Amino acid sequence: MKIGIPRGLWFYDYYPLWKAFYEALGAEVILSSPTNKHILDQGAKNTVDEACLPVKILHGHIIDLRDKVDYIFVPRMMSVYKGEYICPKFCGLPEMVKYSIKNVPPMIDTVINFNKSRKSLMTTIYEFGEYVTKDRKKIDSAYAEALKKYKQYKQSIAEGRIPLNGELMKESCFNGKRGRKTIALMGHSYLIYDNFGSMEIINKLKALNVDILLPEMLDNGRLRDYSDTLEKRMFWSYGRRLMGTAMYLAENKDIDGVIYVSSFGCGIDSIVEELIERRMRSESDIPFLLITLDEHTGEAGVNTRLEAFIDMIDWRRKNEGNLSPYGKSICGN
Amino acid sequence: MKVTFPHMGNQYVATKVLLEELGVDIVIPPQCSNDTLDIGTKHSPESICLPLKVNIGNYIESIRQGADTIVITGSCGPCRFGYYSILQKEILKSMGHQLDFILLDPPQGDYDKFFKSVTKLANTKNPYSIIKALAKATKALYGVDEIDDAAFYKRPRERVMGSTDQLYDSFHKEVRKVKGYRAVMDLVKETKRKINSIEEDPERDVVKIGLIGEIYTIIEPFVNLDIEKKLGALGVEINKSLKISRWLTEHLYLQPLKLSSEKEIWQAAKPYLGSMIGGHARETVGYAVKYAKEGYDGLIQVYPFTCMPEIVAQSILPSVEKDYNIPYLCLIVDEMTGEAGLNTRIEAFVDLLRRRKELKHNEKLLSGY
Ligand code: SF4
Ligand code: SF4
């Protein structure tokens, strides 16, 4: 049995878990190719115009897998933490796919909903497993196995090994030396880690000799402590992590600049990015750059803005002796 | 304390009754206008959905009339509406306005907190007076929504064009001037009676359209560019998937008891969309199916640009269109929407429905039924 996992949306946060899980159950797991122009074009053509870039990209990946697999993995991710959601489009993703793309293979569209509690975790896992086997013991051990892989993956990211296109880089993007020019790169993981979708922003920053700090490298618990002090509970999971990161950065200021990558028309970012930008500007003097992408964005423009931003940071560092006093405070584990 | 609130169609009448009955000083924001929208657009993030922008415009226009407290409802996700209050507060703060926000989040089983918010608002701690005022506000809201229903029916049938709108507009002007539940209800009854007795032209061929989509866009006439009047003038009778009175009943009275009046609609939506995804996407799809089954001639979906749940619904609706053979038009509005372009699309759509209807009629005649 072949199960296809599309390289989009939750992919960068969770795929090692699901890949290991289904492989341990004896299925063959096929990942779609890393995003490329063809995938993006196909996705854009087969999605309603109004959808955001990441949703279009996901649709492209479904088309990429369509004729290669028996099942496509498109879970209905309502909520992964208590009291939180991800985005209405994640909630309705199986339907968007089903009604936008012809001849989709059967979907593994099990509901993940821990909004009220995590009590249903194992029932959910069994439901996922039953596409392959009814043997609960087997599912239990496959899940345990998968969890190990997942934790390793998360740990590697925490250490700065960026999962570009889902593949962990060999070296950390962040060497943590005092005085190195460091940029916090913020945004939804599926935009940042998608090399093509993000216009290769990570490679570009590396080429500009910049250390990169990602929200996933910061301790989630600490970030939660920060976001818990918000007046109203931030009920979007990505939003919460990003808000927490921004609050941490604004307080600790051990960073040279923040680049926020967003998708045009992203409903979550229209609030989260706005609140973050306001906070950064009012509580710190950390330079802030917003890059908004869609399938029509020209790469040249992005390059120019990126380079100008880094130039400005260089200038500041030179003229203000503004060396980044980086501390290992909440990084890593 | 001078309380104001954002506009959302007829809701202002209910809020007015509620607060007046509780003896609270209120400022009803001026009817939404291009000025309102301009103010809102200027001070809101560009990419936020339209309702927030209009809300900001409402606040500023009310602040100019002395409002110092804002009362709004909210939610806890998954959609943006749940975080409106926080962003709005930030926006007003950066404009130099420090206002009190009173949040009336739907009780979700927690009536205690809800009542605390209401008590903060009301001049009384007496739950009995609060409940009485709430009941009156609810009744008033149903009354005004009934005026809407009467107008939906009359507009396409009136002998003298514009007679419905004249009564309708005059109601909305007068109701701001009268005070308290009794006076409002008298005006409601009077208006309903007058609209119902407008003379009809029996010759007119009425087309029926189901209006579906995002709740605020459906309910607030300014935001949907007066689509109900436009359609009425084109001889279209409409029905809306969402009404503010039903919304209130849902959130205030039913949901806390884990009940819903929308179960039938969810059932209708189920083959296409089986779960809640935020906003009213499920209702949009459910009502689309319901209208199609009831023999409506067409469907129009309206929603604000970038509205997440409605984008999901929009992906699904072409399948409903095909499965039930019912034409569907999607209208997306934002601050840049041009009225002329919108009119053309609506007129072309209604023309199409008329032709289809005639065709069907002729086919029936030919086949001898
Ligand atoms: S969170 Fe934003 S980018 Fe992600 S799916 Fe939702 S709207 Fe699109
Ligand atoms: S339902 Fe649409 S308009 Fe309402 S908050 Fe959500 S995105 Fe905005």
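Per 5 Å bin from zero, what fraction in whole % of the C-alpha pairs of the stretch B:9-167 is there, up to the bin with the longest pair?
Going from the shortest bin to the longest, the percentages are 2, 8, 14, 17, 18, 16, 12, 8, 4, 1, 0.
Please list, ordered by chain and number, the residues whose modelled amide H lies under 5 Å from the amide H of residue A:236; skip anything fewer than 5 residues away on the same chain.
A:85
Could you list log10 I(q)/I(0) for the stretch A:44-140 at q = 0.16, 0.20, 0.22 Å⁻¹, which the Debye formula gives when each Cα is one point scatterer?
Debye curve over Cα of the stretch A:44-140, log10 I(q)/I(0) at q = 0.16, 0.20, 0.22 Å⁻¹: -0.75, -1.03, -1.13.
Can you give me the C-alpha center-to-center distance between the stretch A:74-144 and the stretch A:180-259, rounded to a whole angstrom?
Here the two parts' Cα centres lie 27 Å apart.
Which angle from 0 to 90°, rounded to the nearest 10, does the C-alpha axis of helix B:180-196 make with the longest principal axis of chain B?
Here the helix axis deviates by roughly 10 degrees.
If the viscosity is 0.692 mPa s and the temperature 37 °C, what Stokes-Einstein diffusion coefficient in µm²/s follows for the stretch B:206-367 when Rh is the Kirkwood radius over Cα pairs?
The calculation lands on 201 µm²/s.
What list of ³J(HN,Hα) values in whole Hz, one per residue of the stretch A:26-41 in order, does the Karplus curve 6.51 cos²θ - 1.76 cosθ + 1.60 (θ = phi - 60°) give from phi, with Gly and Pro shown as x?
3J(HN,Hα) across the stretch A:26-41, in whole Hz: x, 8, 9, 9, 10, 8, 5, 5, x, 3, 9, 4, 4, 4, 4, 4.
If one computes the Cα centroid of the stretch A:24-70 and of the stretch B:63-134, what distance in Å separates the two points?
Using only Cα atoms to place each centre, the spacing works out to 43 Å.
In nm, what is the difference between 0.36 nm times the number of residues separating residue B:253 and residue B:123 and their Cα-Cα distance?
On the way: separation 130, 0.36 × 130 = 46.80 nm, distance 2.27 nm.
Value of the extension gain: 44.5 nm.
Would you kindly derive the ³J(HN,Hα) couplings of the stretch B:66-83 from the backbone phi angles with the Karplus curve 6.51 cos²θ - 1.76 cosθ + 1.60 (θ = phi - 60°), listing them in order in whole Hz, with x for Gly and Pro?
x, 5, 10, 9, 10, 10, 9, 9, x, 7, 10, x, x, 8, 5, 3, x, 10
Modelling each spin label as a point 7 Å along the Cα-to-Cβ direction, I'd like the residue A:148/residue A:180 distance in nm, to one decimal.
3.1
Quick one: helix B:111-121 against the long Cα principal axis of chain B, what's the angle to the nearest 10°, folded into 0 to 90?
Result, in degrees: 70.
Kindly provide the pair-distance distribution of the stretch B:156-219 built from C-alpha pairs, with 10 Å bins from 0 and whole-percent values in order of increasing distance.
Reading upward from the zero bin: 18, 34, 36, 11, 0.
Give me A:107, A:122 ranked fewest to most by other Cβ atoms within 10 Å of their Cβ, as a rough exposure proxy.
A:122, A:107
Calculate, in nm to one decimal, what residue A:314 and residue A:219 gain on full extension: separation in residues at 0.36 nm each, minus their alpha carbon distance.
31.4 nm
Subtracting the Cα-Cα distance from 0.36 nm times the residue separation, let me have the gained length for residue B:111 to residue B:65 in nm, one decimal.
Details: separation 46, 0.36 × 46 = 16.56 nm, distance 3.23 nm.
Answer, rounded to one decimal: 13.3 nm.
Return the FRET efficiency for the residue pair residue B:38, residue A:103: r is the Cβ-Cβ distance, R0 is 35 Å, and the value is rounded to the nearest 0.05.
E between residue B:38 and residue A:103, to the nearest 0.05, is 0.15.
Could you give the Stokes-Einstein D for the stretch A:165-323 in µm² per second, using the C-alpha Kirkwood radius, 37 °C, 0.692 mPa s?
Details: Rh = 16.1 Å.
This corresponds to a translational diffusion coefficient of 204 µm²/s.
Between residue A:285 and residue B:100, what is the label-point separation in nm under the 7 Å Cα-to-beta-carbon projection?
3.9
Within a Cβ distance under 12 Å of residue A:126, other residues only, what is the Lys/Arg minus Asp/Glu net charge?
With Lys, Arg at +1 and Asp, Glu at -1, the net is 0.
Arranged by the count of other C-beta atoms within 10 angstrom, fewest first, what order do A:10, A:315 take?
Starting with the residue having the fewest Cβ neighbours, the order is A:315, A:10.
Helix A:136-158: angle to the longest alpha-carbon principal axis of chain A, degrees 0 to 90, nearest 10?
20
Normalising by the residue count of chain A, find the relative contact order in percent from Cα pairs under 8 Å and 6+ residues apart.
Details: 584 pairs, mean separation 60.0, N = 333.
Once divided by the residue count of chain A, the mean separation gives 18 percent.
How large is the convex hull of the C-alpha atoms of the protein assembly as shown per residue, in Å³?
Spelled out: Cα convex hull of the protein assembly as shown, divided by residues, is 174 Å³.
Quickly work out the residue A:168-to-residue A:70 label distance, labels modelled 7 Å from Cα along the C-beta direction, and quote it in nm with one decimal.
Between residue A:70 and residue A:168, the simple spin-label model gives 3.0 nm.
Bin by bin, in steps of 20 Å, what percent of the Cα pairs in chain B do you find, going until the bin that has the longest distance?
Here the calculated profile for chain B is 27, 59, 13, 1.
Residue A:161's amide H: which non-local residues (gap 5+, or another chain) put their own amide H closer than 5 Å, with H modeled 1.01 Å from N in plane and none for Pro or chain starts?
A:173
With a 10 Å Cβ neighbour count serving as the proxy for reagent exposure, in which order, fewest first, do B:275, A:270 appear?
B:275, A:270
Could you give each residue of the stretch B:294-311 its phi-based ³J(HN,Hα) in whole Hz, using Karplus coefficients 6.51, -1.76, 1.60 with θ = phi - 60°, and x for Gly or Pro?
The phi angles translate into 7, x, 4, 7, x, 10, 10, 9, 10, 7, x, 2, 6, 5, 5, x, 6, 5 Hz.
Name the residues whose placed amide hydrogens come within less than 5 Å of the amide hydrogen of residue B:200, ignoring near sequence neighbours (fewer than 5 apart) on the same chain.
The answer is B:159.
Given a Förster distance of 60 angstrom, what is the FRET efficiency for residue A:232 paired with residue B:364, based on the Cβ-Cβ distance and rounded to 0.05?
That gives a FRET efficiency of 0.55.
Computed from the coordinates by the stated procedures, all read-outs in this text should not be read as laboratory data. None of the values given here were measured: they were computed from a predicted structure. With ideal geometry, Cβ positions are generated from the backbone for all residues, glycine too; neighbour counts draw on all protein chains shown.
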